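Chemist: Below is a structure I'd like to ask you about.
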Amino acid sequence: MDFAEEREELASFMRRLYERRLTTSTGGNASLRLGGGRMLITPSGGNKGATRPGDLIVTGPDGECTGGNSRPSMESGLHAAIYGKRPDVRSVMH
């Protein structure tokens, strides 16, 4: 699965946050729960104002990257822990 809709949604969200000055170019991260223990997350050090769907990384339940062209955010463990504790949470942004 390429999660095209989810990628577009999260990339668009990150660009809007940047445009509204709610994050800096490399500050903050966001992820989206995909199910099956997977999540879509912003890349480490990526420019949030220029985030494109293909920049986002899919990680599996073990943290292994299964999609994307770079490393996931260094806070991906934090995002995974939140999803593990809160099954009602669909997205994390900080």
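The values are calculated or read from the model by the stated rules, or taken from the named source; none is laboratory data. Treat the numbers as computed from the prediction; the structure is a model and nothing was measured. Cβ sites come from the backbone with ideal geometry, for glycine too, and all protein chains shown count toward neighbours. With ligands, DNA and RNA removed, areas are computed over all heavy atoms of the protein, side chains included. Shrake-Rupley method; radii C 1.70, N 1.55, O 1.52, S 1.80 Å.
Chemist: Please give the charge dipole size of the chain, origin at the Cα centre, charges +1 on K and R Cβ atoms and -1 on D and E Cβ atoms. Round to the nearest 20 debye.
Modeler: 360 debye
Chemist: Further, regarding this structure: In deg cm²/dmol, rounded to 500, what helix-only [θ] at 222 nm does the chain give when every DSSP H run of at least 4 residues adds -39500 (n - 2.57) and the total is split over its residues?
Modeler: -9000 deg cm²/dmol
Chemist: With angles folded into 0 to 90 degrees, how steeply does helix 4-19 sit against the dominant principal axis of the chain? Use alpha carbons for both and round to 10.
Modeler: Between the helix axis and the principal axis of the chain, the angle is about 40 degrees.
Chemist: Leaving out ligands, DNA and RNA, and with a 1.4 Å probe, what % of the accessible surface on the chain is carbon or sulfur?
Modeler: Within the chain, the accessible surface is 50 percent carbon and sulfur.
Chemist: For the chain, what does the accessible surface come to per residue with a 1.4 Å probe? Please give it in Å².
Modeler: 59 Å²
Chemist: Could you derive backbone 3J(HN,Hα) for region 53-64 from the dihedral phi with the Karplus parameters 6.51, -1.76 and 1.60 (θ = phi - 60°), listing whole Hz in sequence and x where the residue is Gly or Pro?
Modeler: Coupling constants for region 53-64: x, x, 6, 6, 10, 9, 10, x, x, 8, x, 5 Hz.
Chemist: To continue, here is another question. What ranking do 84-92, 72-80, 14-22, 46-54 get when scored by the average of other Cβ atoms within 10 Å per residue, highest first?
Modeler: 72-80, 46-54, 14-22, 84-92
Chemist: While we're here: Could you give the nm distance between label points at Arg20 and Ala4, where each point is 7 Å from its Cα heading toward the beta carbon?
Modeler: Computed distance between label sites Arg20 and Ala4 equals 2.8 nm.
Chemist: Give me the net charge of Glu64's neighbourhood, meaning all other residues with Cβ under 14 Å from the Cβ of Glu64; Lys, Arg count +1, Asp, Glu -1.
Modeler: Surrounding charge for Glu64 is +1.
Chemist: Identify, among His79, Gly27, Val92, the residue whose Cα sits farthest towards the positive end of the charge dipole of the chain, taking +1 on the Cβ of Lys and Arg and -1 on the Cβ of Asp and Glu, with the dipole about the Cα centre.
Modeler: Of the options given, the answer is Gly27.
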